[in-house]
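Scroll down for the structure; my scribbles are underneath it.
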Amino acid sequence: MLTSRKLLLLRSGSPLLTLKPRSITTPVSIYTRAISHLVHGHSTARSNTSFAVNPTTTILGVVGITTMAGTPPFSDAVVQAMKNLYPEELADKSWDNTGLLLDQAPSFAEKVGNSTPTVLLTNDLTRTVVDEALEKGANVIVCYHPVIFRPLKSLTTKDPMQAQLLRLIAVGISVYCPHTAVDAAVGGLNDWLCDILIDGEQEVKRTVAEPISRLLPESLHSTKTLSAGIGGQKYLMVALPPTLGDLTKTQSITKIAVCAGSGADVLKNTDAQVLVTGEMAHHYALRHTQLGQIVVTCFHSNSERKFLEQRLKPQLEAQLHDVSYGNAVVIVSSADRDPFDIIDVRDLA
């Protein structure tokens, strides 16, 4: 039985389950291979991509990184490191689009420039994030959310996302998107959220519909812990059942369900007392409150973004150091932000 230092892991695409209409369908071979990745820190997948310049060196990338024989090109090293940390087999491929979504054109193998290999981490790809990537000389962007989600029939500057992809193609920056592979992995995004809410060793049952009970009662003041853990967010949105009506009232909590991002579908059948997620639509939240449940939301990307700094950055740095990229720079985007702000309309007067 799997154990982890968590209250519960309630997520899509877990190592044991997929969300294809609520059925347990993941083959055992995929599960055992994923565990091998996590335990041994390696992947069976290998990249054969290189651009030979002479028998001892290759030159790759928009910033012209030169690598000695036996060292993988930097973009390949980043992709392999992400696969080691968060195997793509864990992503829910029934709807998600993950992996290397924008590769580097072969012509950029001949470019020579800055010799510092750089990765930019971001939750979303926007114009200001691309500006930042260009300014800081990034070779690879690791973007949590997929930059290509639905099939493309054209690539034009009229679409804001496509316009940014064209900018990246023009300068040879690759984009890797892990999304639900990070959600589902042991030690991944949902584990991180659980760690914020609770300390101590907890046995975890991995399931989509049945969160595990906490061993000790928990006060509703854990919302303060959540706020601090995701980056000091001052305001959370809380939907309370009519029977409670006042968040300041003391209530013993023995079961919490956690899902980063948009958790309405994943959490809809849970009987947990508190549901913690990034966002939830009006009618879903209303239903849960009528069932006597508390819903806590902190905006979609705010439930994910701080993970990049606290977990992914040091993990990726360590992986790259292990493959002879000890000088690699991993940067968390300062331009990446949630599109929503909370304002006091009285300040607009």
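Could you work out how much longer the chain between LYS93 and ASN269 gets when fully extended? Use 0.36 nm per residue separation minus the Cα distance between them, nm to one decimal.
Here the segment from LYS93 to ASN269 would lengthen by 61.1 nm.
Could you check the simple spin-label distance between VAL238 and ASP322, using points 7 Å along Cα→Cβ, in nm with one decimal?
4.1 nm
Could you sort out which of LYS93/LYS306; LYS136/LYS306; LYS83/LYS306; LYS136/LYS313; LYS93/LYS153; LYS153/LYS313 sit more than 23 Å apart by Cα distance in this structure?
Details: LYS93/LYS306 25 Å; LYS136/LYS306 20 Å; LYS83/LYS306 20 Å; LYS136/LYS313 16 Å; LYS93/LYS153 21 Å; LYS153/LYS313 34 Å.
In this structure, LYS93/LYS306; LYS153/LYS313 exceed 23 Å between Cα atoms.
State the extension gain, in nm to one decimal, for the chain segment bounded by GLU309 and LEU155, taking 0.36 nm per residue of separation less the distance between their alpha-carbons.
The span from GLU309 to LEU155 would gain 52.3 nm if fully extended.
In what sequence do TRP95, TRP192 fall when counting other Cβ within 10 Å, fewest first?
Result, fewest neighbours first: TRP95, TRP192.
Net charge near VAL130: determine it from the other residues with C-beta under 13 Å of the C-beta of VAL130, scoring Lys and Arg +1 and Asp and Glu -1.
In short, -2.
Using label points projected 7 Å from each Cα along Cα→Cβ, tell me how many nm separate SER334 and HIS282, to one decimal.
Placing both labels 7 Å along Cα→Cβ, they lie 3.9 nm apart.
Work out, step by step, the length gained on full extension between SER252 and GLN290: first 0.36 nm times the residue separation, then minus their alpha carbon distance; give nm to one decimal.
11.8 nm
With a Förster radius of 41 Å, plug the Cβ-Cβ distance of ARG167 and ARG346 into 1/(1 + (r/R0)^6) and report the FRET value to the nearest 0.05.
0.55
Please rank HIS300, HIS283, HIS179, HIS321, fewest neighbouring Cβ atoms within 10 Å first, as an exposure proxy.
In order of increasing Cβ crowding within 10 Å: HIS283, HIS321, HIS300, HIS179.
By count of other Cβ within 10 Å, fewest leading, how are LEU166, LEU90, LEU121 ordered? Spell out each step's value before the answer.
Details: LEU166 13, LEU90 27, LEU121 22.
So the residues, fewest neighbours to most, are LEU166, LEU121, LEU90.
Rule-based calculations on the coordinates, nothing more; no lab input. As the structure is a prediction and not an experimental result, all values here were calculated from the model. As a convention, Cβ positions derive from the backbone with ideal geometry for all residues, glycine included, and neighbour counts pool all protein chains shown.
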